[in-house]
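What follows is a single structure, written as structure tokens, with notes after it.
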Amino acid sequence: MIDQVRIVIENATPAVDGGRFPVKAVQGDTLEVSADVWKDGHELLKVAVMWRKLDLSELKPHAEPQAPDLQKKGWKEAPLQSEYALNDRWFGKMTLDEVGPYVFTVVAWTDFYSSWAEELRKKMAANQDVTSELLEGVALMEKVAVKAKAKSAILEKIAAIKAAKDNQAKAHIALSHEVAGLMEHNDPRFDLQAYDVEIPVWADREKARFGAWYEMFPRSCGTDPKKGTTFKQAEHRLEAIAKMGFDTVYLPPIHPIGTSHRKGPNNSETCNPGDPGSPWAIGAKEGGHTAVHPDLGTLADFDHFLAETKKHGMEIALDIALQCAPDHPWVKEHPAWFSHRPDGTIKYAENPPKKYQDIYPINFETEDREGLYAAVLDIFLFWAKHGVRIFRVDNPHTKAQSFWEWIIVEVHKRYPDALFLAEAFTRPKRMRRIAKVGFTQSYTYFTWRNGKKELEEYCNELFNSELKLMVRPNFFTNTPDILHEYLQKGGRAAFMIREVLAATLSPSYGIYSGFELCENVPVKEGSEEYLDSEKYQVKVRDWDKPGNIKPLVTAVNRIRREHKALQLGDNLRFLPSSNPNIVAFSKATPDYKDVVVTVVNVDPYSPQEGMVTLFDKLFHHQPNYLVCDLLTNAYYTWHGQTNYVRLDPRVLPAHVLHVVGGA
């Protein structure tokens, strides 16, 4: 017999690659769902979104979309609505109450009662005989009553219809609210049709979307450049970091550092006694990726450092760099995990013209792939057991994406609250795929977007395109590897500009220690490397250095915590400004009760002025209204859509304005 499908369900969203990869969401989100749904003919439809929380045991890497199994327990449902003018597009919402994996699908069925009732009303309005239609209605009710929970109530109404003296009275009963309610709540959904696949969604905890990161080297928290500090000694820095408003402390690798080919200051191939080496040259006789560098202390000291971090309301993000120093235990224990040259030597890492003789890349093409994968998983699980729930992953684009999909699923099976930040400065399609396979957040090209036009184009791509379903940006202003020319030459004003932009454009952003002190000396002209880079030596700093921007950083982080609008990403809207050096944008909560307008002069050298235009919704169509600059607590009366601004980078290059209300 030929199957006949009359209800069509297409193009369900949100979806990433048709359901191949999970849509990114956050616990508590109300996800907007839509689909094209229609049926031949004129009968009315009912459409709903159905979703359920998966058991963690159901997680599978590399899983292709599956047809929905509506017989499984745990499905929730919410209606989708449509209008004729929307061309058969239906819309609804689903709420994600817990952290973890979900799937959803869209279902539709014919609303036989409403279709019949609509036809009956039309014919009665045209004074046509409806005897046949009433018989059809009774037959429909009898069919529904067969398996209905309210069978007796439906049969009573059928009897009442049959006993009524004329068609007008029969129709009055059949079209009553009571009958409509009975048919609604006992609808057997005779021809229920489901969308082809279950679409996966992963709901992270709130930190996945909103956070302020501070990168620090624990060894550089003292006063002696020849002697690094321990975890215990570095704990004193936590209070200062927390006071600036950061909630995530990112640590570079904390493991033993190899001695073979150890790099000296400024990446020199000459290493002198006492030079600490690069933390990314992981592994020595003391251990590998699950060991703590003895100069930092013991594993118990790390546990205490983590506990102290939590006391200050912050979390630790730990760097996972899958590479080894020549002294790493794996080199002797598992030589097959490394690439060998024809002469038998192991290849070291290179990024021409840079050479990293102190680092051996891992060969993920090894025949012992199963053993390697298991060992890497053990690294993540080891630190997760010690309380780490955020991992910053070094160069994930240089490893197979199927590997990362497997690792992240395996970690999430045990720790669904674990978050992963991808440090992948690579081509856009690669960065997109890395996000798809499960990385919670991604570094971006923000560091290299400094002009108005390029900022607007790039941020619109990240926050207002399909990328928002898969990529969560983390706007780092700088890193130990990246000191952009804009900061090198723009001075203190450039640091203030980039701080405000990073923190207000993106819900998640970060700075590398020293940014608040406006450190901006490159190793040489044209380089983005720092002079006397902290990667290769202990850094001693005056944390109260004159000219620091700690008060601004503190104020910006406080503003972010106080304003929900700044904790979201897809609400970013750029605003017209008359000056090409003035970037203006708004962020508002969905109900527009919290509206923040940020205006930034991106020229770090000169004052700039111009007119900024707001959308009507932002000021609730009021002719006059107050805005408060949250950075200075100054109030201004603005008039209508377009208003004047002037920003001097030598004083303060930005306004962060809260639209207060009518003046």
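The values are calculated or read from the model by the stated rules, or taken from the named source; none is laboratory data. Keep in mind that what you see is a predicted model, and the values were worked out from it rather than measured. Backbone-built Cβ (ideal geometry, glycine too); neighbour counts: all protein chains shown. To get the accessible areas, we keep the full protein, side chains included, count just its heavy atoms, and leave off ligands, DNA and RNA. Shrake-Rupley method; radii C 1.70, N 1.55, O 1.52, S 1.80 Å.
Restricting attention to the alpha-carbon atoms of the stretch 493-641, what are Rg (one decimal) and Dmax (integer), both in Å?
Looking at the stretch 493-641, its Cα Rg and Dmax stand at 17.9, 58 Å.
Could you work out the pair-distance distribution P(r) of the stretch 290-333 from its alpha-carbon pairs, with 10 angstrom bin width and percents rounded to whole numbers?
22, 42, 27, 9, 1
Please report how far the C-alpha centroid of the stretch 85-131 lies from that of the stretch 161-210, rounded to the nearest whole angstrom.
Value for the Cα centre distance between the two parts: 7 Å.
So for the chain, what percent of the C-alpha to C-alpha distances run longer than 43 Å?
When all Cα pairs of the chain are counted, 37 percent exceed 43 Å.
Compute the normalised compactness of the stretch 257-366: alpha-carbon radius of gyration over 2.2 N^0.38 Å, N being the residue count.
After normalising by residue count via 2.2 N^0.38 Å, the value is 1.20.
Give, as ranges by residue number, the residues of the stretch 365-395 whose backbone N falls under 20 Å from the point 7 Å along Cα→Cβ of E333.
365-386
At what distance in angstrom do the alpha carbon centres of the stretch 460-492 and the stretch 287-340 lie from each other?
Between the Cα centres of the stretch 460-492 and the stretch 287-340 lies a distance of 27 Å.
As an exercise, find the ratio Rg/Rh for the stretch 183-287 from alpha-carbon atoms, using the Kirkwood inverse-distance average for Rh.
1.38
For K545, which lysines qualify as cross-link partners when the Cα separation must be under 18 Å and same-chain residues fewer than eight apart are set aside?
In chain and number order, the partners are K243.
Can you tell me the order of 13-21, 525-533, 247-255 when each peptide is scored by its average per-residue count of other Cβ atoms within 10 angstrom, highest first?
Ranking the peptides 13-21, 525-533, 247-255 by packing returns 247-255, 13-21, 525-533.
Just for the Cα atoms in the stretch 428-541, what are the lengths along the principal axes, largest first, rounded to whole Å?
Result for the stretch 428-541: principal-axis Cα extents of 42, 29, 24 Å.
If all Cα-Cα distances of the stretch 10-81 are sorted into 10 Å bins from 0 onward, what percent lands in each bin, rounded to whole numbers?
Percent of pairs per bin, in order: 14, 46, 32, 7, 1.
Local charge sum around L575 (other residues, Cβ-Cβ under 13 Å, Lys/Arg +1, Asp/Glu -1)?
Charge balance in the 13 Å sphere: +2.
Provide the net charge surrounding Q441, with neighbours chosen by a C-beta distance below 11 Å and charges set as Lys +1, Arg +1, Asp -1, Glu -1.
So the environment of Q441 carries a net charge of +3.
For the stretch 82-201, what is the accessible area per residue in Å², given a 1.4 Å probe and the full set of protein chains?
Accessible area per residue: 55 Å².
Return the whole-Å distance between the Cα centroid of the stretch 372-438 and the Cα centroid of the stretch 577-636.
38
For the chain, which whole-number percentage of the solvent-accessible area (1.4 Å probe, protein heavy atoms only) is attributable to carbon and sulfur atoms?
After summing per-atom areas, the C and S share lands at 51 percent.
Quick one: the Cα spread of the stretch 348-428 along its three principal axes, in angstroms, biggest first?
41, 29, 25
Tell me the mean residue ellipticity at 222 nm calculated for the chain from its helices only (DSSP H runs of n ≥ 4, each -39500 (n - 2.57), averaged over every residue, nearest 500).
-8000 deg cm²/dmol
Largest first and in whole Å, give the semi-axes of the stretch 531-573's equivalent ellipsoid, each being the square root of 5 times a Cα gyration tensor eigenvalue.
Semi-axes, largest first: 32, 16, 8 Å.
How big is the charge dipole of the stretch 223-280 about its Cα centre, in debye rounded to the nearest 20, if each Lys and Arg gets +1 on its Cβ and each Asp and Glu gets -1 on its Cβ?
100
Of K436/K587; K73/K385; K332/K413; K207/K310; K122/K170; K347/K524, which sit over 20 Å apart, Cα to Cα?
Flagged as over cut-off: K436/K587; K73/K385; K332/K413; K347/K524.
With a 1.4 Å probe and every protein chain left in place, work out the accessible area per residue of the stretch 523-652 in Å², rounded to a whole number.
Heavy-atom accessible area per residue stands at 46 Å².
Take the Cβ-Cβ distance between H639 and K545 as r, set R0 to 35 Å, and report the resulting FRET efficiency rounded to the nearest 0.05.
0.25
What Kirkwood hydrodynamic radius do you get for the stretch 271-316 when you take the inverse of the mean 1/r over all pairs of distinct Cα atoms, in Å?
About 12.4 Å for the stretch 271-316.
Give me the base-10 log of I(q)/I(0) for the stretch 38-175 at each q in 0.09, 0.16, 0.18 Å⁻¹, Debye formula, one uniform scatterer per Cα, rounded to two decimals.
At q = 0.09, 0.16, 0.18 Å⁻¹ the computed log10 ratios are -0.44, -0.97, -1.09.
Compute the accessible area per residue over the stretch 292-441, keeping the other protein chains in place, probe 1.4 Å, unit Å².
So the stretch 292-441 comes to 43 Å² accessible per residue, rounded to a whole number.
Where the Cα atoms of the stretch 115-172 are projected onto their three principal axes, how long is each span, largest first, in whole Å?
The Cα atoms of the stretch 115-172 stretch 36, 24, 14 Å along the principal axes, largest first.
Please work out the ratio of the alpha-carbon Rg of the stretch 562-663 to 2.2 N^0.38 Å and round it to two decimals.
Normalised Cα radius of gyration, the stretch 562-663: 1.01.
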